[in-house]
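Visitor: Sharing a structure here in structure tokens format.
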Amino acid sequence: MSEVKMQKVETKRPRMAVEIAGLKLKNPVMPASGTFGYGEEYAPYLDLNQLGAIVTKGLSLKPKAGNNTPRICETVSGMLNAIGLQNVGVDAFITHKMPFLEQINAPVIVNFFGNTQEEYAEVAARLDDVPGVAGLEMNISCPNVKHGGIVFGTEAVAAHEVVSLVRKQTSKPLIVKLTPNVTDIRVTARAVEDAGADAISLINTLTGMAVDVKTRKPRLANTIGGLSGPAIRPIAVRLVHQVVQEVSVPVIGIGGISRAVDALEFLIVGAKAVQVGTANFVDPNAMATIIDGLENFCQNEGIEDINELVGTLEV
């Protein structure tokens, strides 16, 4: 009687790599700025080399202490924060934070901001020649102190002006992060694309507020904060869907992603990659779980390349 040998059939793993504005990512998952520190803080809990990219905490020209406490509070399916963009400043980042980040096998995207056009331009210029900085993400959800405190990202003209100025200061891929606190985000998206953005990320947090009913005081010292977490995901998906149809540059989806299925929603409506924020506070290993979940979904659905999913929404 001849022996029948059983051969194990190995299923081919799907291709997970994506490209954003010339940046090659091993997968489409990265942290959202402000939720991941400078990367090193999460190293004990997560293999940073698994990530598609690392996005740093936002940097300003000078160190910034941030707002008074309390500056974080939980909400239903989310959280409010009013950290106030606390950071070490661009020079200290280059000296003390980049040496660690250069060791990671993932592109480093540095988020930055300013309170004037000149500050934005100066920070971008200082980062332009820094080894290991693969790209820049520009947070335009900041008040222009020279023009009455109007947020750069809420006026298309102001957004276009500041992005145009920064574009002249850097040759690195430039991602512009949009605020959702506008009447029509498509207008802002078109403005920053026209100004030279290589990619667009959205959304930043929604403006919100919470009250302690016993003390009758705001739960944040700053009174107003930014709402994030699963509660905002349907809004974020809608806004990404709208922006994708208006611009030709790649879009990165952000907002309430805590599971692979959440990330898939953004990819299907047209985002090329996603950022994970609040979920990192709940589970420091959340992004690794999401990456595995995306790969398993593709494998189970017979999808050979995750890029095949992008923009496949049927309406």
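Visitor: So which residues in segment 74-110 are outside any helix (DSSP H, G or I), within 11 Å of V133 (Cα to Cα) and touching a helix residue (DSSP H, G or I) at 6+ places or on another chain (Cβ under 9 Å)?
Guide: The initial filter retains those residues of segment 74-110 that are outside any helix (DSSP H, G or I), namely 74-89, 102-110.
Those still in the list that are within 11 Å of V133 (Cα to Cα) too: 102, 106-110.
Residues satisfying the conditions are A106, V108, V110.
Visitor: Let me ask another. So is N280 under 20 Å from L46 (Cα atoms), touching a residue at least 60 places away in the same chain (Cβ under 8 Å), of a type in the set (S, T, N, Q) and not in a strand (DSSP E or B) or not?
Guide: Judged against the criteria, N280 is a match.
Visitor: Then there's this: Starting from residues that are over 19 Å from the mean Cα position of the chain (by Cα) and touching a residue at least 12 places away in the same chain (Cβ under 8 Å), keep the ones in segment 73-89 and report whichever is surrounded by the most Cβ atoms within 10 Å (Cβ to Cβ).
Guide: V88
Visitor: Another question, then. Can you name the strands (runs of 3 or more DSSP E) wholly within segment 174-251 that have at least 3 residues being among the small types (G, A, S)?
Guide: Ranges flagged: 224-228.
Visitor: Which one of these is within 17 Å of the chain's Cα centre (by Cα) and within 28 Å of A106 (Cα to Cα): G311, G229, G302, G293?
Guide: G229
Visitor: What are the residues in segment 246-290 that are touching a Lys or Arg at 6+ places or on another chain (Cβ under 9 Å) and of a type in the set (A, V, I, L, M), if any?
Guide: V247, V251, I252, I254, I257, V269, A279, A286, I290
Visitor: Now a separate question. Working only within segment 183-221, note down all residues that are out of contact with any Leu (no Cβ under 9 Å at 6 or more places or on another chain) and crowded, with 19+ Cβ neighbours inside 10 Å.
Guide: Matches in segment 183-221: A191, E193.
Visitor: Something else about it: So, of the residues in segment 111-159 that are hydroxyl-bearing (S, T, Y) and in a loop (DSSP other than H, G, I, E, B), which turns out to be farthest from the chain's Cα centre (by Cα)?
Guide: T116
Visitor: Let me ask something else. For segment 156-182, name all the residues that are among the aliphatic types (A, V, I, L, M), more than 17 Å from V133 (Cα to Cα), without any contact (Cβ under 8 Å) to a residue 60 or more places away in the chain and buried (at least 20 other Cβ atoms within 10 Å of the Cβ). Walk me through how you get there before you give the answer.
Guide: Here is the first cut: in segment 156-182, the ones among the aliphatic types (A, V, I, L, M) are 156-159, 162-163, 165-166, 174-176, 178, 182.
With the extra rule that they be more than 17 Å from V133 (Cα to Cα), the set shrinks to 156-159, 162-163, 165, 178, 182.
From what's left, without any contact (Cβ under 8 Å) to a residue 60 or more places away in the chain: 156-159, 162-163, 165, 182.
Matches in segment 156-182: A159, V162, V163.
Visitor: Identify the single condition in (1) within 16 Å of M16 (Cα to Cα); (2) of a type in the set (S, T, Y); (3) touching a helix residue (DSSP H, G or I) at 6+ places or on another chain (Cβ under 6 Å) that T289 does not satisfy, given that it satisfies every other one.
Guide: T289 satisfies all of (1) within 16 Å of M16 (Cα to Cα); (2) of a type in the set (S, T, Y); (3) touching a helix residue (DSSP H, G or I) at 6+ places or on another chain (Cβ under 6 Å) except (3).
Bear in mind that the values in this text are calculations on the coordinates, not laboratory data. Quick caveat: nothing in here was measured; it's all calculated off a predicted structure. Every residue, glycine among them, receives a Cβ derived from its backbone with ideal geometry; neighbour counts consider all protein chains shown.
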